[in-house]
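Enquirer: Have a look at this one before I ask anything.
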Amino acid sequence: MLEVTSSAQELTLGVDFNDTYKNSELFRRNKQLIEELGKPAYGSKDLHFSTQYSQSFSVQCLACLWKQHWSYWRNPPYTAVRFFFTTFIGLMFGTIFWDLGRKYSNRQDLFNAFGSMYTAVLFLGVQNSSAVQPVVAVERSVFYRERAAGMYSALPYAFAQVIIELPYVFIQAISYGVIVYAMIGFDWTLEKFFWYIFFMYFTLCYFTFYGMMAVAITPNHHVASIVASAFYAIWNLFSGFVVPRPMIPVWWRWYYWACPVAWTIYGLIASQFGDINIMMESENETVQEFITSYFGIKHDFIGVCAAVVVGTGVLFACIFAVSIKLFNFQRR
């Protein structure tokens, strides 16, 4: 057909197929049929759908959650490597800080124990935040295509992306917490072990959601990693371990309370050492008094720390959901 209707064939035959068709009876019948079909039939109504999507919000959430479950299950380079890294870091920190959890004789022993918490939070937190960014970037590309096809809206996707991380982070926190808690030798009481797992779990959650949020507000995960790394340094500086809160200048002390890592360190130290009234051998004060005077940490502030750490994770997750809904970095 292409051969016989080409311009060369028209020149050979001396025929203009375009003019021939426009002057034919077929052309006139088709024009008339188009006009007739372009007018709605008498008594007919326009098509109307009560919702933009065919399924309800809850069904969309379940469908997206099912899809994310299989996406994560079939992505061992992300999920399995994360567990391997966590176990390796737990064993490494456990051997480095071996049996320091019950040593209170001097300040250096306490600093060593506090350092195990501080380094764990930053090592695992930054690793979680960095590892999730390329995964979310790929999932976002799929989301753009499927949302354009009318399959589901932005919020069910964001809900599923947040929820699917929770069990993986929980297993990560448990595996690390049990290894480190036993090897470092913290007090084996139910309350203290619960608070240790609690703060590690929600800290890893808000670091993970922070990485997801960074991707959602930037065009790609390369830019997201640059933006996120700037805040890692700031959070490290204002964590309250490098420079304790009483020593921070007054005009910068407000950022200590705005730093999520500071709340994590506060909660971990207060829950593990804030109620110990044993007198230190080389100091004229108890462990509790030293923590209060040097770091400004009080044991009865644990509940507030827990609420802030949970709230920080919820805040980052909400910003991720809103950003996914409002921002569209698709170029096509």
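Enquirer: Which one of these does residue 177 not meet: (1) open to solvent by 50 Å² or more (accessible area, probe 1.4 Å); (2) under 25 Å from residue 301 (Cα atoms)?
Expert: Looking at each condition in turn, residue 177 falls short on (1).
Enquirer: Let me ask something additional. Identify the single condition in (1) open to solvent by 50 Å² or more (accessible area, probe 1.4 Å); (2) on the phi < 0 side of the Ramachandran plot; (3) charged (D, E, K, R) that residue 99 does not satisfy, given that it satisfies every other one.
Expert: (2)
Enquirer: Between 312, 264, 292, 286, which is under 19 Å from residue 224 (Cβ atoms) and out of contact with any Leu (no Cβ under 8 Å at 6 or more places or on another chain)?
Expert: Checking each option against the conditions leaves just 312.
Enquirer: Could you say whether any residue in region 309-326 is of a type in the set (Val, Ile, Thr) and more than 27 Å from residue 160 (Cβ to Cβ)?
Expert: Taking every residue of region 309-326 in turn, none turns out to be of a type in the set (Val, Ile, Thr) and more than 27 Å from residue 160 (Cβ to Cβ).
Enquirer: Then there is this: Limited to region 236-251, what total is found for residues that are without any contact (Cβ under 8 Å) to a residue 12 or more places away in the chain and either hydroxyl-bearing (Ser, Thr, Tyr) or in a helix (DSSP H, G or I) (or both)?
Expert: 4
Enquirer: When the residues of region 215-235 are narrowed to those that are in a loop (DSSP other than H, G, I, E, B) and open to solvent by 60 Å² or more (accessible area, probe 1.4 Å), which ends up farthest from residue 260 (Cα to Cα)?
Expert: Filtering region 215-235 for residues that are in a loop (DSSP other than H, G, I, E, B) and open to solvent by 60 Å² or more (accessible area, probe 1.4 Å), the one farthest from residue 260 (Cα to Cα) comes out as 219.
Enquirer: Let me ask another. Please work out which residue is most open to solvent (accessible area, probe 1.4 Å), limiting yourself to region 36-67 and to residues that are of a type in the set (D, E, K, R) and assigned to a loop (DSSP other than H, G, I, E, B).
Expert: So the first thing to find is which residues in region 36-67 are of a type in the set (D, E, K, R), and the list is 36, 39, 45-46, 67.
In the following step, the residues that additionally are assigned to a loop (DSSP other than H, G, I, E, B) were identified as 39, 45-46.
On the way: 39: 147, 45: 184, 46: 142 Å².
Among those residues, the one meeting the criterion is 45.
Enquirer: Return the residue satisfying two criteria in turn: it lies in region 102-149 and is among the β-branched types (Val, Ile, Thr) and in contact with a helix residue (DSSP H, G or I) (Cβ under 8 Å, 6 or more places away or on another chain), and of such residues it is surrounded by the fewest Cβ atoms within 10 Å (Cβ to Cβ).
Expert: Residue satisfying both the conditions and the ranking: 119.
Enquirer: Something else about it: Do we have residue 167 as assigned to a helix (DSSP H, G or I) and free of Cβ contacts under 8 Å to residues at least 40 places away in the same chain here?
Expert: So residue 167 passes the test.
Enquirer: Another one. Would you say residue 93 is in a helix (DSSP H, G or I) and surrounded by 14 or more Cβ atoms within 10 Å (Cβ to Cβ)?
Expert: Numbers: in a helix (DSSP H, G or I): yes; surrounded by 14 or more Cβ atoms within 10 Å (Cβ to Cβ): yes.
Yes: the conditions hold for residue 93.
Enquirer: So, one more: In this structure, is residue 238 buried (at least 20 other Cβ atoms within 10 Å of the Cβ) and not acidic (Asp, Glu)?
Expert: yes
Enquirer: Something else: Looking only at region 68-81, count every residue that is open to solvent by less than 90 Å² (accessible area, probe 1.4 Å) and either more than 21 Å from residue 158 (Cβ to Cβ) or outside any helix (DSSP H, G or I) (or both) and tell me the total. Show your work before the answer.
Expert: So in region 68-81, the residues open to solvent by less than 90 Å² (accessible area, probe 1.4 Å) come out as 68-72, 75-76, 78-81.
Now narrow it down to the ones that are either more than 21 Å from residue 158 (Cβ to Cβ) or outside any helix (DSSP H, G or I) (or both): 75-76, 80-81.
The qualifying residues number 4.
Enquirer: For region 252-332, give me every one of the helices (runs of 4 or more DSSP H) that falls completely inside it and has 3 or more residues that are over 26 Å from residue 115 (Cβ atoms) and open to solvent by 20 Å² or more (accessible area, probe 1.4 Å).
Expert: Numbers: elements: 253-258, 260-273, 287-295, 302-326.
Filter on region 252-332 gives 302-326.
The values are calculated or read from the model by the stated rules, or taken from the named source; none is laboratory data. For clarity, every value in this text was computed on a predicted model and none was experimentally measured. Because the Cβ atoms are built from the backbone with ideal geometry, glycine has one as well, and the counts that use them run over all protein chains shown. The area values use the complete protein model at the heavy-atom level, side chains included, leaving out ligands, DNA and RNA. Shrake-Rupley method; radii C 1.70, N 1.55, O 1.52, S 1.80 Å.
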